[in-house]
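Encoded as structure tokens, the structure appears first; notes follow it.
The values are calculated or read from the model by the stated rules, or taken from the named source; none is laboratory data. All figures in this text were calculated on a predicted structure; none of them were measured in a lab. Quick reminder, even Gly has a Cβ in these numbers, built from the backbone with ideal geometry, and neighbours come from all protein chains shown.
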């Protein structure tokens, strides 16, 4: 009788100590590689990656999507991982065609723990790196909502503006702007200057809507209203952000 009670206690202790896991899967068929907490990613790309042996905590999951030679799109998602939980992270695209991540959680009770470094059906196992110190605030004094982690350098933004100016037709200008915003993070002031490269409110509104998720200081987004000629356009952007 004592042995049965002891065995049950040991089993409960093992279950309570069971680590958590993160599984990232591409819903679009694109291949990617995963970085956790800004650690360097592995060299290989895959449609599915399984990461095991996490302690409870907040982790920044970054997926670098391979688009072609020297073409990478990066998408970030913060995952708050409870104890004995598997985070199912789905890599897909939003209505604008930008890569995004959708996260669901499921309990891991009763699931066997995968040994780090051994393969698991559906994708390679990547040993999670240790937590790293938080990155410095790229906008000291700003404490509002953040849409993306690391704004592009001033030189990269200037190059994007030059590329937009160098094309003649509005459709091409919009395409270049969206290509840059799909894989880069910007400040609200950069969005305003980008909008001013377009002549009409409709085009400026399209840029402002597309750029909002890629804006670091979303709390300052009110400044982009200076780029509109009509109050109705400002109201439309407000409705879009408020949804």
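Here is how the numbers come out for the structure above:
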quantity: Single residue of region 153-173 satisfying the filter (in a loop (DSSP other than H, G, I, E, B) and out of contact with any helix residue (DSSP H, G or I) (no Cβ under 8 Å at 6 or more places or on another chain)) that is nearest to residue 212 (Cα to Cα); calculated: 153
quantity: Check on residue 173, under 19 Å from residue 100 (Cβ atoms) and surrounded by 14 or more Cβ atoms within 10 Å (Cβ to Cβ); calculated: no
quantity: Count - residues of region 190-231 that are farther than 18 Å from residue 98 by Cα, without any contact (Cβ under 8 Å) to a residue 60 or more places away in the chain and under 21 Å from the mean Cα position of the chain (by Cα); calculated: 2
quantity: Residue, modelled with the highest pLDDT, within region 77-132, restricted to residues that are part of a loop (DSSP other than H, G, I, E, B) and closer than 16 Å to residue 35 by Cβ; calculated: 130
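Per-residue answers, yes or no, for (1) over 20 Å from residue 236 (Cα atoms); (2) touching a strand residue (DSSP E or B) at 6+ places or on another chain (Cβ under 8 Å); (3) assigned by TED's automatic domain parsing to the domain that holds residue 229:
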position: 137; (1), (2), (3): yes, no, no
position: 164; (1), (2), (3): yes, no, yes
position: 169; (1), (2), (3): yes, no, yes
position: 180; (1), (2), (3): yes, no, yes
position: 186; (1), (2), (3): yes, yes, yes
position: 189; (1), (2), (3): no, no, yes
position: 202; (1), (2), (3): no, no, yes
position: 216; (1), (2), (3): yes, yes, yes
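Listed here are the residues, each with its yes/no results for (1) more than 18 Å from residue 148 (Cβ to Cβ); (2) assigned to a helix (DSSP H, G or I); (3) in the same structural domain as residue 98 (by TED's automatic domain parsing).
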site: 175; (1), (2), (3): yes, yes, no
site: 219; (1), (2), (3): no, yes, no
site: 225; (1), (2), (3): yes, yes, no
site: 229; (1), (2), (3): yes, no, no
